[in-house]
Amino acid sequence: MSGLLLGIHVFVCLLLIVVVLVQTGRGAEIGAVFGGGASSTIFGSAGPAGFLAKVTTAVAIIFMVTSLLLTVFTSRPVVKTVVDEVPRQEAPAPRGK
């Protein structure tokens with residue numbers, strides 16, 4: 001179970017990296033480099049969130065949930081089985097000649 005969850009976690013991690021790198025930053029226009037008025041949109045109303053912003057939010061939430069589940073699964077104590085409770089028997093000593 002934890003192996004499958006770890007695989008999903010790694011996939012979501014890589015997907016999150018790709019989605020963040022595909023997005024353009026706010027104020028990434030050439031006017032923002034020289035301090036022009038084009039960078040005033042950084043502090044103003046951004047309008048509705050775009051598709052990539054929604055995908056980023058969803059993938060980030062999935063990443064956090066898988067991180068928490070991995071923490072819960074790996075922090076549990078090791079469960080003893082019936083085989084662990086069977087008393088061990090010593091091997092008989094070899095007979096001498």
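For a quick check of your reading: which helices (runs of 4 or more DSSP H) sit entirely within the chain and have at least 3 residues that are modelled with pLDDT of 90 or more?
So the answer is 2-22, 51-75.
Within the set of pairs 6 or more residues apart or between chains, which connect a residue that is closer than 30 Å to residue 6 by Cα inside the range 72-93 to a residue that is surrounded by 10 or more Cβ atoms within 10 Å (Cβ to Cβ) and at pLDDT 75 or above with Cβ atoms less than 9 Å apart?
Listed pairs, sorted by first residue: 73/2; 73/5; 74/2.
The values are calculated or read from the model by the stated rules, or taken from the named source; none is laboratory data. This is a predicted model, so every value here is computed, not measured. Every residue, glycine as well, gets a Cβ built from its backbone with ideal geometry; the counts of neighbours run over all protein chains shown.
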